[in-house]
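*Asks:* What follows is a structure written as structure tokens; I'll ask about it next.
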Amino acid sequence: MMSKVPVILISGFLGSGKTTLLLRLLVHTRQIPLHAAVLMNEMGEYDVDSAIISAEMPDVPVEGLLEGCICCSKRNELAGALHTLLNQKPDVIFMETTGVANPEQVLEELRSPLLADRLYLVHSISVVDAELFHEYNSRFTADKELVRTLHGQLRTADFIVVNKTDVASIREVAKVVKNIRKLNDTAKLQTTEYSRVDLEPLLEPVLTSISVGAEPVQVSQPASAPTQLNEAEASYVANIGRSDSVSRSTAFKVISAHHHSHNHTFASNQPHSFSRLESLTLHQYSPQPLEKQRLEDFLTGLGSSLLRAKGYCVLPEEGTMLLQFSGSRLEWQPTALPVNQGYVTLIGEQLDKAFITDQWEQCFLSL
């Protein structure tokens, strides 16, 4: 009988720190060593997070499902992508959902006949932005589907990471934990920054299943001390999401847009509702340099409709830079990823594409 491969599912709202946690897990599996594979799901046309992994860990198999969520529009493609990864004979598969995916639907798919005999769930992890948790919950009150998604990410988790506590007050973090416990009072929970959690307990059932061929077991409460990394790995992971020096960017144009609408129900007595979040991709097209400050002003000028932006900018002096924008925080990080043309994906609530396109063009009129 073919042995089942353990799966660790990572969910969490936009910009909470899912990919940072995934990168830490991949570094740790390499140290053990375990052969890991990754399934990444992105709303945009380009898979920014997969590119991060491939640039630093080219030996890790990665399957990307783009322009939709594996809980709805990409659900039919999930089984095929997982079977592609299974052909690589991994010891463990990490699945990172989009920030607006409901893991309840993903878990249902993992129990389907197409996958149940090949995979089993070890952990469902939810990552929470401590600074923005209450703001998002308050803001999206009228969007019943999105609220259901945010709550579903917490209800299905057996391990919750309350992240970014370095930019939230102690009182705010305490309120976040209290509200999470109203939705899930059994999951293990750890507060941290930059997704620094003890990884050994998360991978313990994977090691157990490999050594004895057993089903997943309960793991102990995570300790507060982070896993020790070697100098090169520690330097790489520590720089994830941190700001870097000022530079100049280049021009972009709109090349694609995606609207994310969940219209399935979780029970027959629940009404249909639609999430208003959507994505828009901007693509570099002009060799004319654009001041970095002008790009930053463009993003912040979109106001509260913009929730998340990420992508790669090819800058005249610094080369390729990874751009990360979440909430009101914009950060740059150098990368060795070879990118001929930059791109940035915007994710927001009811994005005004015509206005955004016009504002983008305005960036270049005086150059």
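The values are calculated or read from the model by the stated rules, or taken from the named source; none is laboratory data. Because the structure is predicted, anything quoted here is derived from the model rather than measured. Don't worry about glycine lacking a Cβ; one is built from the backbone with ideal geometry, like all the others, and counts go over all protein chains shown. Side chains are part of the model used for accessible areas, which takes the heavy atoms of the whole protein and leaves out ligands, DNA and RNA. Shrake-Rupley method; radii C 1.70, N 1.55, O 1.52, S 1.80 Å.
*Asks:* Taking the condition of being out of contact with any Leu (no Cβ under 7 Å at 6 or more places or on another chain) and not basic (Lys, Arg), how many residues in region 323-344 meet it?
*Replies:* 12
*Asks:* Which residue is nearest to Thr208 (Cα to Cα), if the candidates are limited to region 131-155 and must be in a loop (DSSP other than H, G, I, E, B) and out of contact with any helix residue (DSSP H, G or I) (no Cβ under 6 Å at 6 or more places or on another chain)?
*Replies:* Ranking the candidates gives Leu132 first.
*Asks:* For region 35-66, which positions are at pLDDT below 70, part of a loop (DSSP other than H, G, I, E, B) and over 23 Å from Leu114 (Cα atoms)?
*Replies:* Scanning region 35-66 gives Met43, Gly44, Glu45, Tyr46, Asp47.
*Asks:* Moving on. Somewhere in region 329-338, is a residue on the phi > 0 side of the Ramachandran plot, modelled with pLDDT under 85, among the polar types (S, T, N, Q) and touching a strand residue (DSSP E or B) at 6+ places or on another chain (Cβ under 8 Å)?
*Replies:* Within region 329-338 (the criterion being on the phi > 0 side of the Ramachandran plot, modelled with pLDDT under 85, among the polar types (S, T, N, Q) and touching a strand residue (DSSP E or B) at 6+ places or on another chain (Cβ under 8 Å)), the answer is no, since none of the residues qualifies.
*Asks:* Moving on to the next point. Surrounded by fewer than 16 Cβ atoms within 10 Å (Cβ to Cβ), farther than 24 Å from Leu203 by Cα, small (Gly, Ala, Ser) and more than 20 Å from the chain's Cα centre (by Cα), is that true of Ala116?
*Replies:* no
*Asks:* Within region 74-100, how many residues are farther than 13 Å from Leu119 by Cβ, surrounded by 17 or more Cβ atoms within 10 Å (Cβ to Cβ) and modelled with pLDDT of 85 or more?
*Replies:* 2
*Asks:* So, in region 319-367, exactly how many residues are under 23 Å from Thr20 (Cα atoms) and not basic (Lys, Arg)?
*Replies:* So the answer is 27.
*Asks:* Restricting to region 1-34, and then to whatever is part of a loop (DSSP other than H, G, I, E, B) and over 15 Å from the mean Cα position of the chain (by Cα), can you tell me which residue is modelled with the highest pLDDT?
*Replies:* Of everything passing the filter in region 1-34, Leu34 is modelled with the highest pLDDT.
*Asks:* Still on this model: Could you check Val128 against (1) modelled with pLDDT under 95; (2) assigned to a strand (DSSP E or B) and say which number it fails?
*Replies:* Here Val128 clears every test but (1).
*Asks:* Among residues belonging to region 344-361 that are in contact (Cβ under 8 Å) with a residue 12 or more places away in the chain, open to solvent by 70 Å² or more (accessible area, probe 1.4 Å) and not acidic (Asp, Glu), point out the one that is nearest to Phe13 (Cα to Cα).
*Replies:* Gln350
*Asks:* In region 176-209, which residues are in a loop (DSSP other than H, G, I, E, B) and of a type in the set (Val, Ile, Thr)?
*Replies:* Thr186, Thr192, Val197 - these are the residues of region 176-209 that are in a loop (DSSP other than H, G, I, E, B) and of a type in the set (Val, Ile, Thr).
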